[in-house]
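Q: After the structure tokens below, expect a handful of questions from me.
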Amino acid sequence: MQMLVCFSRPQPAHMLMDYLTAQRISSIVREVEGQYCVELEHEHDMAQAKAITEHFVDAPNDPRYQAASWDNGSVDNSITAASKQSTQRWLKSPNTIAQLRMFPLTYLVLTLNIIVFALMSVSYETRLWVDSHLFIVPFNELQQTSQWWRLLTPDFLHFSLLHIAFNLLWWWILARPIEQYLGKVSLIITFIIISLSANIGQLYFGGPNFGGMSGVVYGLLGFTWWLGWLKPQWGFKVQPQIVGFMLVWLVIGYADVLFVSMANTAHTLGLVSGCLLALLWSVIGSRLGAKR
């Protein structure tokens, strides 16, 4: 037997083995010291198998791999976390480039927030540019100017180092699993829907003077929390202590006992929209699984 590659979890190893089988390359998966290793039966297949493995690591969500697993009966017909996870997370020593390729949208949003915060801090002129282009404006002005991007750009406005650090930390924690398990498009859609719900609601009930990603953070919390409850097999999980802390923080915002004003409507509508999106995702996942 010739060692090809090892993973820290069994799912990608079996998915790769199934695709190799479809290409008429004989292989097995064997557990070696806690790793799941794909081994070839014939040395002359090594060159072709290595080329396949390189593409598999770069694009593990390519439909051809999942199709091979379905054909071989190795993947459950329901949408599971294993079938959606990017294999790069399972590699033993992912480097910075691999991380960027694994979570491009997570990094993009994080980077945009840092850039905007820097522009707001570096000079009066750059702060004025941010104020005139990114702050949300009343509904009648939105209709007159058609600057609809302003419904999303408040997410990138932060007014203190603590403010941006808190939000980006939670974005980093909550966004990566969604991008990892459900894909970039799913995270984009989830982000936009939650952001619009939170920002439009806050504009309607509280006016245009607000900013920050807290509404999105609460939305991702609700999304992850409810998916973990509705579809535990998908691999999402939020510790009850974290949920409790965030809900208590939400209530404290309404109690108005803090030294800063909080966009309570954005937080609440973000949380609610995230929970409802999780419900919708679970229904869609169940129906797709039933069709297969």
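Q: Would you mind calculating the relative contact order of the stretch 103-291 from Cα pairs under 8 angstrom and at least 6 residues apart, reporting the percent as a whole number? Each step should come with its number before you reach the end.
A: Details: 233 pairs, mean separation 44.7, N = 189.
24 percent.
Q: Could you name the aspartates and glutamates whose alpha carbon sits less than 14 Å from that of LYS184, not counting residues in the same chain fewer than 8 places away?
A: Leaving aside aspartates and glutamates fewer than 8 places away in the same chain, those within reach of LYS184 are ASP62.
Q: Further, regarding this structure: Taking the Cα atoms of the stretch 103-291 alone, what are Rg (to one decimal) and Dmax (as a whole number) in Å?
A: Cα-based Rg and Dmax for the stretch 103-291 come out at 16.8, 58 Å.
Q: Can I ask one more? For the stretch 177-221, what does the equivalent ellipsoid look like in terms of its semi-axes, each the square root of 5 times an eigenvalue of the Cα gyration tensor, given largest first in whole Å?
A: Values: eigenvalues 113, 17, 9 Å².
Computed over the stretch 177-221, the values are 24, 9, 7 Å.
Q: Still on this structure, I have one more. What aspartates and glutamates does LYS237 reach when the alpha-carbon gap must be under 18 Å and sequence neighbours fewer than 8 apart in one chain are set aside?
A: GLU179
Q: Divide the volume of the convex hull of the Cα atoms of the stretch 122-190 by its number of residues and quote the answer in cubic angstrom per residue. Provide the component values of the computation, followed by the final result.
A: Details: hull volume 7.8 nm³, N = 69.
Considering the Cα atoms of the stretch 122-190, their hull volume per residue is 114 Å³.
Each reported figure results from applying straightforward, stated rules to the coordinates on display, with no laboratory input. Just so you know, these numbers come straight off a predicted model, no measurement behind them.
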